[in-house]
Amino acid sequence: MINISIENKNLFSAQKIYDDHWEVGIKKLPKLLQRINSKNQGFYTIFDDANFQKEGIKIKQFYTDNSENFTDIVICGIGGSALGLAAIVNALPKKNTPNLHPLFY
């Protein structure tokens, strides 16, 4: 199942979404979600996977235990993996952490 949240900080900008747009979009949403789920693409449900969650806990623990040992972290993303890289960079805390050097190719 896909969890969708709506970011509305630009709702009242010049390109805002009007009520009639919301109504049309909401009506189309169930069919869109059905199409997405029918393709059985793992990246939509990966966060529900118990093994993925366990690996995430291990990575977070490694970071907690070792972050003081590093001054810099270089993270490389190639092609479609750049989205994962962006997620990692955004997920890491910003204060009292090594310098991050994300490389997107």
Give me the pairs, please: first residue somewhere in the range 61-82 and assigned to a helix (DSSP H, G or I), second residue anywhere and at pLDDT below 70 and surrounded by 10 or more Cβ atoms within 10 Å (Cβ to Cβ), beta-carbon distance under 8 Å, and either six or more positions apart or on two chains. 82/104
Would you check which residues across the range 38-60 are more than 18 Å from the chain's Cα centre (by Cα) and either at pLDDT below 80 or not in a helix (DSSP H, G or I) (or both) and list them? 39, 40
Could you please tell me which pairs satisfy a Cβ distance under 9 Å, a separation of 6+ or placement on different chains, a first residue in the range 92-105 that is part of a strand (DSSP E or B) and surrounded by 13 or more Cβ atoms within 10 Å (Cβ to Cβ), and a second residue that is at pLDDT 70 or above and acidic (Asp, Glu)? 100/72
Which condition breaks for residue 32 when tested against (1) at pLDDT 80 or above; (2) within 18 Å of the chain's Cα centre (by Cα); (3) surrounded by 11 or more Cβ atoms within 10 Å (Cβ to Cβ)? (2)
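The values are calculated or read from the model by the stated rules, or taken from the named source; none is laboratory data. Source: prediction; values computed, not measured. Using ideal geometry, Cβ is built from the backbone for each residue, glycine included, and neighbour counts are taken over all protein chains shown.
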